[in-house]
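Single-structure report; data block below.
The values are calculated or read from the model by the stated rules, or taken from the named source; none is laboratory data. Just so it is clear, the model here is predicted, and its values are computed rather than measured. Note that each Cβ is placed from the backbone with ideal geometry, even for glycine, and that neighbours are counted across all protein chains shown.
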Amino acid sequence: MSYNQIKLDIDGGIATITLHRPDKMNAFTRVMMDEFIDALDHTDSDDGVRAVIVTGHGDRAFCAGADLTPEGGGHVFSDPNPVEDLSDERVRDGGGRLTLRLFNSKKPLIGACNGVAVGVGATMQLPFDIRLCSDNARFGFVFARRGITPEAASSWFLPRLVGMQTALEWCMTGRIFDANEALDRGLVRSVHAPNDLMDAASGIAREIADNTSAVSVAMTRAMLWRLGGGGHPMDAHRIDSRAIYRLSRSADAREGIASFLEKRSPAYPDTVGGNMPDFYPWWDEPGYE
């Protein structure tokens, strides 16, 4: 698929997805959503991709929120053909479609927020595994100032990342806050000069790509996101017992031990496309909640 509102570049096992609407501060549209989801399908299916970096074009904005103009699709908040049945597929929030796809990624996601990130520009970053930003970044969960509510499943993601008090404050006030506050409250891992941001993100991606098992990382990502909020540690014990049992008998485990003993870099043979454990995805099992 060719893209009009994002760019996808793959080099040395690292994919970079760039939100690319230069004249609109990378504002979000349904087209961008569809292209972003397609790019994630591509990176998941490409066993050569070991990590994904997401950033915005330019040095002003990561994503300035939903494009409210007719050019952006119009009717963002009011459908000209409303439906009464709230279970209708057309009711589903586009930002949520994207964040749920990000949540299900098999590859680690690293955000490099290079400027303004408000509305869906902020909420789409919440499922990223690691978030970095430039010192000129600004964030805002501005929904209450637009007469709507948080979207993109952010009511699930945000409290898990920054705690309920901070999540409530940011969402109820809708105020814009800076990179230092995002760092202090735990929204981002680190703050960088604009010229250093992508190098820092690439360094983390390179650390993953060069030193870890793709299957181990995919399983770790799924386990931490899905089990971290479980009601009892037994929920995690059931899954990590299966994971350790299966993966400890894998070719990757043999290579991990051999490379350690031989003091060399590992060359893991297993792939996400062909060697995930037989109980993955466990959350699709009948009776699993």
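Here are some residues: ARG226, ARG249. Which one is outside the structural domain of CYS133 (by TED's automatic domain parsing) and not in a helix (DSSP H, G or I)?
After ruling out the rest, the residue left standing is ARG249.
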> How many residues does the stretch 1-50 contain that are assigned to a helix (DSSP H, G or I) and under 21 Å from GLY115 (Cα atoms)?
Replying inline: 6
>> Condition first: over 16 Å from the mean Cα position of the chain (by Cα) and modelled with pLDDT of 95 or more. Can you find one or more residues in the stretch 91-106 that meet it?
In response: no
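Look at ARG238 and say whether it is in contact (Cβ under 8 Å) with a residue 12 or more places away in the chain and either basic (Lys, Arg) or more than 27 Å from VAL118 (Cα to Cα) (or both). Give the derivation first.
Numbers: in contact (Cβ under 8 Å) with a residue 12 or more places away in the chain: no; either basic (Lys, Arg) or more than 27 Å from VAL118 (Cα to Cα) (or both): yes.
The answer is no for ARG238.
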> Can you name every residue in the stretch 122-139 that is farther than 23 Å from ARG221 by Cβ and touching a residue at least 60 places away in the same chain (Cβ under 8 Å)?
Replying inline: SER134, ASN136, ALA137
>> Which of the numbered conditions does ASP235 fail, given that it passes all the others? Conditions: (1) over 24 Å from GLN125 (Cβ atoms); (2) modelled with pLDDT of 95 or more; (3) in a helix (DSSP H, G or I).
In response: (2)
> In the stretch 107-205, which strands (runs of 3 or more DSSP E) lie fully inside it and hold 3 or more residues that are basic (Lys, Arg) and outside the structural domain of TRP225 (by TED's automatic domain parsing)?
Replying inline: none
>> If I filter the stretch 1-49 down to residues being more than 27 Å from LEU68 (Cα to Cα) and of a type in the set (Val, Ile, Thr), which single residue comes out as surrounded by the fewest Cβ atoms within 10 Å (Cβ to Cβ)?
In response: ILE10
> What are the residues in the stretch 188-210 that are of a type in the set (A, V, I, L, M) and over 26 Å from SER265 (Cβ atoms), if any?
Replying inline: VAL188, VAL191, ALA193, LEU197
